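Take a look at the structure below.
Every number in this text was worked out from the coordinates using simple rules, so none of it is lab data. All values derive from a computational prediction rather than experimental measurement. Quick reminder, even Gly has a Cβ in these numbers, built from the backbone with ideal geometry, and neighbours come from all protein chains shown.
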Amino acid sequence: MSLLKMIKKPNDLKNLTRVQLEALAEEIRGEIVSTCACTGGHVAPSLGVVELTLALYRVFDAERDKIIWDVGHQTYTQKLITGRAKRFKTLRTYQGISGFPKRSESKYDVFDTGHSSTSLSAATGFALARDFRGDNYKIVSVIGDGSLGAGMAFEALNHIGHLKKDIIVILNDNEHSIGESVGALSQYLTKVITTRTYNRFRDDLWKFLGRFPPYFRDRGRNLAKRIQEGLKGLYAPSIIFEELGFRYIGPLNGHKLGQLMDTLTRLKEVRGPWFVHVVTKKGKGYEHAEKCPEVFHGVGQYCVETGEVKKKSTSYTKVFGDTIVRLAKDNDKIVAISAGMTLGTGLKRFSQEIPERFFDVGITEQHAVTMAAALALDGYIPVCAIYSTFLQRAYDQVIHDVSLQNSPVIFAVDRAGLVGEDGPTHHGPFDLSYFSCVPNIVISAPKDGTELVALLKTAVLYRQGPFVIRYPRSSCALRDEDPEPLTIGKWETICKGKGLAIVATGSMVEQAEESLNILKKKRVRPTLVNARFIKPFDHELLDNIVKKHKTIVTIEENVSHGGLGSLISDYCNEQNARVRVRSIALPNTYIEHGARQILLRITRLNAEGIAKRIISLL
């Protein structure tokens, strides 16, 4: 019988032997690999934490204790053991289970996460609430080595150490291996420093030394601390965490269930802030994911037997990646910057062919933007490629460090609009809104791959201030790989009509063009304009549209508030223009996960939906 079918809730793990748990781990790996081959997903990260997840939910009481996963792409095992195994085949599909923790989906999902580095701050808040209430449940935060490098994580570590709260932080380190000799010593010393006897002796010694006069007390405590740190410094990078107020143990082998459970069981009995260093292997148990962990970090559909990823048509991301390499080879001032998403943003080729001018700064979007601002002010052309939803984290830097100084940084804003299967934590429906109110900035959106190339050329030549190019996670046509640069702020009239003018931007131009055939059957023949620049926009062409049309309908893959429609409506009001302006945009709500085409349909931003909305307006 399948062991996984026996697990209805996390505490059912307590009924299994270690041998059964190890068998369950292999069964779970098979389930993750087979399901994600059909749905896509974060395969390598989830395969790396199977044993760690089982150990955590075996030792702690998931009905009371709070286990917080910092980045949701580690949680596939957690989903399988928390009552969602039967629905796991629906992972990341429309109306199926989410690929990330979601409080509305399960009570065991303690905190919604999609981005990184939030778990430690959340743990602090939960710990304060727990202690205010006089409760005593355990709080465990699992954070990856990449996420730990973000500033927010260190801010929280600093605060937790200061508060001395009872919180266990588990570092899931999947970048290093454990040497056997080091591992043996660390295992022994970990057992020692997590025992009640050791900790009672340590605390008693500290109190005993406190009875002496200040001179002898301080010297005694400093000597004891140096001896302790010196011993641990032989086998673990503990000092920084000890200085922040944590007790450090590890590194532990993250795939040895027995060692993990023994250590966590002892930790469960002691109090205070603890930092547990666990080393895991990304893609563990699936050969193709182990060999190519970056590819299988977030992967589309693939063949289980060969690991071959199903090829997709040309995407905006690929066009961007190929174009920026070509431009950089002709211009040694161009520098490419990624915030931990080299492959996802299309900069992998740049990193390989022009490594001296490529910088992956890790999950530190704020640092990336300010670094880019300084590079631009000193004569270079930094291209900062960051997902729309992740760039929100650096909004202060966009305003203060880039816009305020009029620094000519190029922002390649990938994943603008509806991302698809990754859902609301990764959709990018707000960037037009949060950029449009910022002074000294050019905002653009290509209708296809050719226009993306043209806009990149335009941005490289434009040195008067920041330049934003936003584009979706979608396929695109590439008719011409070497178009001419564009005139800043100029729109394109695709076809002329009467009575109604459709002003579409970016990805919505294609949908609007397709809607014309439907509108034609209803005897509606509108003018269609490609608003490839949102700021500044084409006042001359807009004035002409206002004179010749009664109604303007704007279409954008962004929320209506603060987007293209808002800008045009405000302009027409200022000009006292006698024209109706209506906006077709994403709803001002959080949209669930699902295939992009499905989401366009349910938000009525596909051709049929656009046509129906226009007809209803008329």
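Odds and ends about this structure:
- For the listed residue pairs Lys281/Lys312; Lys5/Lys318; Lys165/Lys291, the alpha carbons are over 32 angstrom apart in Lys5/Lys318; Lys165/Lys291.
- Ordering of 102-109, 341-348, 79-86 by burial proxy (mean other Cβ atoms within 10 Å per residue, highest first): 341-348, 79-86, 102-109
- Using a Förster distance of 51 Å, the FRET efficiency for Thr90-Lys550 (Cβ separation, nearest 0.05): 0.65
- Taking 0.36 nm per residue of sequence separation and removing the Cα-Cα distance, the Asn440/Arg578 pair yields an extension gain of 46.7 nm.
- Cα gyration tensor, the stretch 442-510 - rounded (a/c under 1.5), prolate or oblate: prolate
- Other residues whose C-beta falls under 10 angstrom from the C-beta of Gly563 contribute a net charge of -3, scoring Lys and Arg +1 and Asp and Glu -1.
- Taking GluC sites (Glu not before Pro) across the stretch 479-558, the ones in a DSSP loop with at most 12 further Cβ atoms lying within 10 angstrom of their Cβ are Glu481.
- The calculated 222 nm mean residue ellipticity attributable to helices in the chain amounts to -12500 deg cm²/dmol, summing -39500 (n - 2.57) over DSSP H runs of n ≥ 4 and dividing by all residues.
- Derived scalar couplings ³J(HN,Hα) [the stretch 307-316; Karplus, 6.51 cos²θ - 1.76 cosθ + 1.60; whole Hz; x for Gly, Pro]: x, 6, 7, 5, 6, 10, 5, 4, 10, 4
- Applied to the stretch 390-403, the Karplus parametrisation 6.51 cos²θ - 1.76 cosθ + 1.60 on θ = phi - 60° returns per-residue 3J(HN,Hα) values of 7, 5, 4, 5, 10, 4, 4, 5, 4, 6, 6, 9, 9, 5 Hz, with x for Gly and Pro.
- If both residues of a DSSP beta bridge must be in the chain, then about 15% of such bridges are antiparallel.
- Rounded to 10°, Cα long-axis angle of helix 214-233 versus longest principal axis of the chain: 70
- Kirkwood Rh, angstrom, the stretch 492-617 [1 / mean 1/r, Cα pairs]: 14.6
- Total formal charge among the other residues, if their Cβ is under 15 angstrom from that of His159, Lys/Arg +1 and Asp/Glu -1: -2
- Rounded, prolate or oblate (a/c below 1.5 giving rounded, otherwise prolate when a/b exceeds b/c) for the stretch 316-470 by Cα gyration tensor: rounded
- In this Cβ point-charge picture (+1 for Lys and Arg, -1 for Asp and Glu), the stretch 316-470 has a dipole of about 280 debye about its Cα centre.
- Debye equation applied to the C-alpha atoms of the stretch 40-88, log10 I(q)/I(0) at 0.16, 0.18 Å⁻¹: -0.44, -0.55
- Annotation: amide H of Ser583 within the under-5 Å range of Thr554, sequence separation 5 or more or interchain, hydrogens built in the peptide plane.
- When the GluC sites (Glu not before Pro) in the stretch 1-85 are filtered for DSSP coil states and for at most 11 other beta-carbon atoms within 10 Å of their beta-carbon, the remaining sites are Glu63.
- Within the stretch 492-617, percent of DSSP bridges classed antiparallel, to nearest 5: 15
- Residues whose amide H lies under 5 Å from that of Leu252, counting only those 5 or more places away or on a different chain, are His277, Val278, Val279; hydrogens are built 1.01 Å from N in the peptide plane.
- Rounded to 10°, Cα long-axis angle of helix 564-574 versus longest principal axis of the chain: 50
- Translational diffusion coefficient (Stokes-Einstein; Kirkwood radius from C-alpha pairs) of the stretch 1-137 at 25 °C, 0.890 mPa s, in µm²/s: 159
- Using every pair of separate Cα atoms, the Kirkwood estimate puts the hydrodynamic radius of the stretch 523-574 at 11.9 angstrom.
- Degrees, to the nearest 10: 449-461 long Cα axis against longest axis of the chain: 80
- Listing Thr265, Thr93 from fewest to most neighbouring C-beta atoms within 10 Å gives Thr265, Thr93.
- Cα gyration tensor shape of the chain, rounded if a/c is under 1.5, else prolate or oblate by comparing a/b with b/c: prolate
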